[in-house]
Each structure stands twice: as C-alpha cells, then as structure tokens.
Amino acid sequence: MISFSQVTKRYPGGHEALNSVTLVIEQGELVFLTGHSGAGKSTLLKLIAAIERPTSGVVSVSGQNISRLSRRAVPYLRRNIGLVFQDHKLLFDRSVIENVVLPLDIAGFDRREALKRARAVIDKVGLLNREKANPVSLSGGEQQRLCIARALVSRPALLLADEPTGNLDAGYAADIMAMFRDFHQVGTTLVIATHDDRALNALGGRILHLDHGKVGEVTA
Amino acid sequence: MIGWLRHQKHALTSALRRLARQPVSTLLTALAMGVAISLPSGLYLGLDNLSRLAGELPAQPEISVFLDPAASGADKQAIATRLKRPDIAQARFVPKDDALAALSVSQDLADISAGLAENPLPDAWVVQPRTRSREALARVADELGKLPGVAETHLDSQWAERLQAALTIGHTGVWLLAGLFAIALVAISGNAIRAQVLARRDEIQVSRLIGATDRYIRRPFLYLGALQGLLGGLAAGGVLAAAGTLLRPQVERLAGLYGSAFHLAPPSTSEIAVVLGLTTLFGWLGAWLSVTRTLHQVEATR
Ligand SMILES: Nc1ncnc2c1ncn2[C@@H]1O[C@H](COP(=O)(O)OP(=O)(O)OP(=O)(O)O)[C@@H](O)[C@H]1O
Ligand SMILES: [Mg+2]
C-alpha cells in the first residue's frame, strides 16, 4: 500500500529530515513509528499524505507516485487518508460536531447522514456531551480526541496518526488504542508515530525506528 | 450530481451565514457598491427622462415647402388639397412677393431687392404637421417633397437634432461611466473577499489537508461575492429611489410652470433586473479574481 524507495527529504534551509529511507507497508498493516524528537516521524507521515514532497526518491501510496501527483489529484488521495495531526489543527470558529462533520461536507455527504456519523464517532471518543462546545473550551486531551474523531469519521482505508496519545492519560490512551485496534481488525492500514511505550506494548504490531532520518526495523 | 447540488447549497448557506455574522461590514460594502452603481444608473435614468421630455416639448416644428417656379396651376391646386389632409395642423401660403417684401423689411435689403429685375424667391407653404415625432416629421417632409410642383422642402428641426446629438453623447457617457464603475465594483468586491479569505486562512489550510478541492474552497467565496454584488445593486436601488423621491415634486413643479404634465418615470422591471444581474455578476467576478490570487498567498504561507 505504501512504499518508500531511497527517499530523502531536505527542508528549505538544508536540514535533512529523512535520509535514504526505504520501506514497504502492506495493506491492513499496523505500524508504529518511533524515534527521538526530530527523528523525522512527522516528516515521514507528511510525505505519505502528500503534504510534503520528497527531495529525491519515490514515495508511492496505493500505486500512485506522490511526487508526480497533480495538484488536482491530491484532494482525492487525502480523502482516503485519516490524519491525526500532532498539533490537532482544529477550527476554533465552530463547534465540536462541526469540526468532525467537515471531512464529510468536503466529500459531499448528505448533511443528516453526516451529522449522524459524526455523532457516532464523537460518542466513541467520549465527547458526546461536548458536541456543541467550542474546541477552545476543551482540554488538551479532549482536543486530541476530537482530532482523532475527525480523522476517523470518513472511515478511511489508511489512518496516519502523529502522537495520538501524547496528551492522554492512561485510561483514554488505552481506549484510543482499542479503537485503533478495532479499525485494524476491519482492515484499515494504520501508521502511528508515538513514543508512548504503553501503546506499543498494548497493540503489538510492527515497529519502525527512526534515528536522525534513518530507518531501522525493530522486532518486538 | 447530487453531491454537486449539496456542495452548492452548502456553499450558499455558509456564505449567507457569513454575511449575517458581519452585518456592519456587509452593509458598508453594499453601500460603497450602491453608491458606485447609482452614479451610472442615475445618469441613465436622467437621460431616459430627458429623452421623454424632448419628445413632449411644446415646440412647433415647421416644414417649409418651396414650389417650383414652373409649377402648373393643377400642381399648385393638388398641393393645396394635400395640405388640407388631417395630418397637417396648419398650412399658410406665402406668395413670393410677400416673401420678398418680408425679406426686404427684416434684412434691410430694400435697395437690393429694388434693383432686382425679377423676384428670385419661389412661392412657398409653411406647414405645421400634427405630429411632433422626428421620424414622422421627416416622413411628412419627404412625402411633400415628392409632390409634383414642389422644388424643395426644408424641415426646421434643428433643436431636435441638437438635442438628439447631446443625448447621444450622454448615452456614450453612461456606458463609459458604467464600464468604469463596473471596474470599481470588481475592485470593491475583490477587496472585501480578500479580507474574508485571509480571515479564514486556518479553515482553508485545514480543509486542504483533509481533502478539499480548490473548487470546494473557492465556492463559498464566489457566492459571497455574488451576494455582496446583489446587495450592492439593491443598495443602489435604494439610493436612486431616495433621490427620485427628493426630486420628483420639484421636477413636477417646474414642469407645471411650463404647463407640462411631465413627471419622472421610475426604471422598468427589466432594467432593474438587468442592473441587479450585472452587479451580481461583477461581484462574483471580483471574488473570483481575488480568491484565485489570495489562495496562492495562503498556500505559500503554509
Ligand atoms: N517545515 C520545516 N522546515 C524546516 N525544518 C523542518 C520542518 N519540519 C521539520 N523540520 C525539521 O526536520 C526534522 C524532523 O522533523 P519531524 O517533525 O519530522 O520530527 P519528529 O520525529 O516528528 O519529531 P517530534 O517527535 O518532536 O514530533 C527536525 O529536525 C525538524 O526541525
Ligand atoms: Mg512530530
């Protein structure tokens, strides 16, 4: 489903975030990305979602070469990807439920159906009683769960999560991981960047370790 | 198709909500547009009324019919009969001797006329047709000119031609002004939309990250521009209606002093529709230009 071949990413300014990374992630796999801060975890996820383009090498997702993807094709690639951002990227000019409905609006869903789905997923992350609240009023952990809800609402085939349990206490972290496991079991491909060992231990799965932009496999 | 309709509806409601959420800036923009639009439309209305007035002027257009010196008695009789028909209000025969006498008196040419062996002036009719319209006058003059025994006709319609020339300039001016103010409209709309795009920078960036197409992002702004243009057109209507209410009694009083029943005519429904359609179109156009430009900037500052 995802393959990196000799991928190097150099940011403007010359910093090399990824150095000649080669890897393959199969459909339906659950993969953890670990590594120190600044190792290049977020960068790797951004390359998969075509948020960044590789400096050299080939990134391919579902058989599409990301570097050659036209501007017009990028939105359709992203609609099949659920993104949990490290910095959440919530919209503070609208309620919790409107944040979650946004991906469905973009995909052209019927409004009633969209609201129904959104409510179901908000319930799953435990925010149903805050449905009408503004995200500003949510705690860090609640904002994180909201971001996860928005990533899951369109039932994507591929979920990319950047530190999804970073701000969560053990209880919620376990709940979220359990949700991820459910998605994994119905065939969703998951790539999760984390330094949360609890998560690694809870779910098993494959672990890719990044160190200064170089990737190495860790067998648990 | 259904998805497309849903997107349109979604964009329209989002645009309406945004307009309602900022009533003051919406109103100010509409007012700026309204003033800009009311200038050319007001001028257009003014000219329209002036043209009507020109048609109603109580001037007395005359046609001079000069007879051929060689015209036979039968021809002259036929001409006199023709001039008794109902489309002629009044016809006065001016024999050539009277004409010469009048000329001598009025132009002080007695010496010269006395020296003439023969009167060079033709017999003539001075005719007042019943119609006042320029075309009809020209038609009557033409018809009279073709009668046997008539040498020449002269339609005294200088005032009408001058007015017509002035009105033509006025109309060209209206179109020039309309073009300039259309550009102003596009600029006002573009500016308002640019502010909106920048204010919604976060939403645009997040939407892009979760799969929004350019069209999806652009659409609510285009609706916003079009609605803003429509509001501007309505505001112009308000400005003109206010001006009309203010001017109407004064104009009618002035017309009354000249013994005319002239009154200011409001624009027709189709004229109003055209103006609203155009302002909507230009609002949309301004939004389109502005969104396209501003989105590139927003993109660059990701
Ligand atoms: N937009 C950018 N411009 C320049 N340098 C960047 C940019 N984004 C990331 N970097 C650099 O690239 C390197 C890798 O960053 P990345 O965000 O991928 O790390 P990470 O593994 O996600 O770290 P963390 O665990 O702190 O989130 C870092 O040194 C970072 O400073
Ligand atoms: Mg990161």
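The values are calculated or read from the model by the stated rules, or taken from the named source; none is laboratory data. Treat the numbers as computed from the prediction; the structure is a model and nothing was measured. Positions of Cβ are generated from backbone atoms using ideal geometry, with glycine treated the same way; all protein chains shown enter the neighbour counts. Ligands, DNA and RNA are stripped out before the accessible areas are found, and what is left, the full protein with its side chains, is counted by its heavy atoms. Shrake-Rupley method; radii C 1.70, N 1.55, O 1.52, S 1.80 Å.
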Looking for something within 16 Å of ligand 2 (Cβ to nearest atom), more than 14 Å from chain B (Cβ to nearest Cβ) and of a type in the set (A, V, I, L, M) - is there at least one such residue anywhere in the range A:172-191?
yes
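Would you check if there is a residue in the range B:222-239 being more than 11 Å from chain A (Cβ to nearest Cβ), part of a helix (DSSP H, G or I) and surrounded by fewer than 16 Cβ atoms within 10 Å (Cβ to Cβ)? Lay out the reasoning, then the answer.
Initially, the range B:222-239 is screened for residues more than 11 Å from chain A (Cβ to nearest Cβ), giving B:222-239.
Filter again for part of a helix (DSSP H, G or I), leaving B:222-239.
Next, only the ones that are surrounded by fewer than 16 Cβ atoms within 10 Å (Cβ to Cβ) stay: B:238.
Yes, because at least one residue in the range B:222-239 is more than 11 Å from chain A (Cβ to nearest Cβ), part of a helix (DSSP H, G or I) and surrounded by fewer than 16 Cβ atoms within 10 Å (Cβ to Cβ).
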Filter pass, B:ALA160 being at pLDDT below 90 and assigned to a strand (DSSP E or B):
no
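Inside the range A:189-202, can you point out the residues that are outside any helix (DSSP H, G or I) and open to solvent by 10 Å² or more (accessible area, probe 1.4 Å)?
Scanning the range A:189-202 gives A:HIS195, A:ASP196.
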Hits in the range A:64-79 - residues which are buried (at least 16 other Cβ atoms within 10 Å of the Cβ), in a loop (DSSP other than H, G, I, E, B) and at the interface with chain B (Cβ under 8 Å from one of its Cβ atoms):
none
Name the single residue, out of those in the range A:93-105 being open to solvent by 20 Å² or more (accessible area, probe 1.4 Å) and in contact (Cβ under 8 Å) with a residue 24 or more places away in the chain, that is farthest from the other protein chains (Cβ to nearest Cβ).
A:SER95
Kindly indicate whether any position in the range B:82-96 is open to solvent by less than 90 Å² (accessible area, probe 1.4 Å), in a helix (DSSP H, G or I), modelled with pLDDT of 80 or more and not basic (Lys, Arg).
no
If B:LEU257 meets every condition in (1) touching a residue at least 40 places away in the same chain (Cβ under 8 Å); (2) open to solvent by 30 Å² or more (accessible area, probe 1.4 Å) apart from one, which number is that one?
(1)
Does at least one position in the range B:261-278 carry a residue that is open to solvent by 60 Å² or more (accessible area, probe 1.4 Å) and touching a Phe, Trp or Tyr at 6+ places or on another chain (Cβ under 8 Å)?
no
Kindly indicate which of B:LEU43, B:LEU39, B:LEU5, B:LEU31 is open to solvent by 60 Å² or more (accessible area, probe 1.4 Å), over 28 Å from B:HIS171 (Cα atoms) and not charged (D, E, K, R).
B:LEU5
Just one of the numbered conditions (1) free of Cβ contacts under 8 Å to residues at least 24 places away in the same chain; (2) away from ligand 1 (no atom under 15 Å from the Cβ); (3) surrounded by fewer than 17 Cβ atoms within 10 Å (Cβ to Cβ) is not true of A:GLY126; which one?
(1)
So, in the range A:106-141, of the ones that are modelled with pLDDT under 90 and outside any loop (DSSP other than H, G, I, E, B), which residue ends up nearest to the other protein chains (Cβ to nearest Cβ)?
A:ARG111
Taking A:LEU33, is it surrounded by 17 or more Cβ atoms within 10 Å (Cβ to Cβ) and under 17 Å from A:GLN86 (Cα atoms)?
yes
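Might you check whether a residue that is away from every other protein chain (no Cβ under 14 Å), of a type in the set (A, V, I, L, M), within 13 Å of ligand 1 (Cβ to nearest atom) and in contact with a Lys or Arg (Cβ under 9 Å, 6 or more places away or on another chain) occurs anywhere in the range A:48-56? Spell out the reasoning first.
Going through the range A:48-56, the residues away from every other protein chain (no Cβ under 14 Å) turn out to be A:54-56.
With the extra rule that they be of a type in the set (A, V, I, L, M), the set shrinks to none.
There is no residue in the range A:48-56 that is away from every other protein chain (no Cβ under 14 Å), of a type in the set (A, V, I, L, M), within 13 Å of ligand 1 (Cβ to nearest atom) and in contact with a Lys or Arg (Cβ under 9 Å, 6 or more places away or on another chain).
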Checking B:GLY149 against (1) outside the structural domain of B:LEU50 (by TED's automatic domain parsing); (2) at negative phi, the condition it does not meet:
(2)
Looking for whichever is within 16 Å of ligand 2 (Cβ to nearest atom), in a strand (DSSP E or B) and in contact with a strand residue (DSSP E or B) (Cβ under 6 Å, 6 or more places away or on another chain) here; the options are A:LEU83, A:LEU45. Which one fits?
A:LEU83
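How many residues are within 28 Å of A:ASP182 (Cα to Cα) and either more than 16 Å from ligand 2 (Cβ to nearest atom) or touching a Ser or Thr at 6+ places or on another chain (Cβ under 6 Å) (or both) if we restrict to the range A:1-31?
Keep residues of the range A:1-31 that are within 28 Å of A:ASP182 (Cα to Cα), which gives A:1-4, A:23-31.
Those left that are additionally either more than 16 Å from ligand 2 (Cβ to nearest atom) or touching a Ser or Thr at 6+ places or on another chain (Cβ under 6 Å) (or both): A:1-4, A:23-30.
So the count comes out to 12.
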Which one is most open to solvent (accessible area, probe 1.4 Å) among residues in the range A:151-178 that are within 16 Å of ligand 1 (Cβ to nearest atom) and in contact (Cβ under 8 Å) with a residue 60 or more places away in the chain?
A:GLY166
Here are some residues: A:LEU90, A:LEU45, A:LEU30, A:LEU23. Which one is more than 13 Å from ligand 1 (Cβ to nearest atom) and within 13 Å of chain B (Cβ to nearest Cβ)?
A:LEU90
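Modelled with pLDDT under 85 and within 16 Å of ligand 2 (Cβ to nearest atom) - does that describe any residue in the range A:145-166?
Taking the range A:145-166 and keeping what is modelled with pLDDT under 85, we get A:165-166.
From the residues that got through so far, the ones that are within 16 Å of ligand 2 (Cβ to nearest atom) too are A:165-166.
Within the range A:145-166, one or more residues are modelled with pLDDT under 85 and within 16 Å of ligand 2 (Cβ to nearest atom).
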Name the pairs: first residue in the range B:196-208 and more than 9 Å from chain A (Cβ to nearest Cβ), second residue polar (S, T, N, Q) and in a helix (DSSP H, G or I), Cβ to Cβ under 6 Å, at least 6 apart or on different chains?
B:VAL197/B:THR294
